[in-house]
Each structure stands twice: as C-alpha cells, then as structure tokens.
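The values are calculated or read from the model by the stated rules, or taken from the named source; none is laboratory data. Because the structure is a prediction, the values reported are computed rather than measured. Here the Cβ is made from the backbone with ideal geometry for all residues, glycine too, and neighbour counts use every protein chain on show. Ligands, DNA and RNA are stripped out before the accessible areas are found, and what is left, the full protein with its side chains, is counted by its heavy atoms. Shrake-Rupley method; radii C 1.70, N 1.55, O 1.52, S 1.80 Å.
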Amino acid sequence: MKVFTVFVYVTPAGAHHVEEMPGLDATDAVIRLRAKLELEQSELEVVAVVPEALAFEWVDPSRVALAPYCASSP
C-alpha cells in the first residue's frame with residue numbers, strides 16, 4: 001500500500017478537500033477517500049492525486065484569495 005495526497009472537490013459542500021490516503025494506486029486512494037467521506041461518485045470530483053505525502057505551507061489570506069476548503073470531521 002502506498003500513500004497518496006488526494007485533492008478533490010466535494011460538490012455538496014461546494015469546497016475543496018485535501019487528505020493523505022493509503023491505496024494500491026491513485027484510483028484506489030480516491031475510492032477509499034470517497035468511501036470515508038460517505039459520498040456518491042457524482043459528489044466527489046478529482047482535482048489531483050500526488051503519489052506521496054506532502055507538506056503544506058500557510059499563506060496570508062489577507063493578501064490572496066483562498067478557495068473554500070471542506071475539512072473532514074474527526
């Protein structure tokens with residue numbers, strides 16, 4: 001099993017979601033994320049899948065426009 005960083009757009013929430021997911025391949029990681037979020041296929045649109053865990057940096061929202069983000073519930 002590999003780790004992928006999955007970037008998706010959740011249509012019911014109208015927001016992006018980014019999460020590390022294990023999977024056999026990129027498609028399997030997306031399917032696992034969709035199941036975890038309890039979404040139908042039409043409710044989750046893939047933006048990108050990166051074949052590794054990524055480190056993110058914060059940006060100053062007062063200086064740039066940020067896209068909406070949908071965090072998963074704990």
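A few remarks follow.
- Take the Cα of TYR69, step 7 Å toward its Cβ, do the same at ALA13, and the gap between the two points is 1.1 nm.
- Overall, the accessible surface of the stretch 24-71 at a probe of 1.4 angstrom is composed of carbon and sulfur to the extent of 54 percent.
- Spacing of the two label points (7 Å from each Cα toward its C-beta) at SER62 and ILE31, in nm: 4.7 nm
- Within the listed set PRO61, PRO51, PRO22, the residue fluctuating most in the Gaussian network model of the chain (springs between alpha-carbon atoms under 10 angstrom) is PRO61.
- Probe 1.4 Å, accessible area per residue of the chain, Å²: 72 Å²
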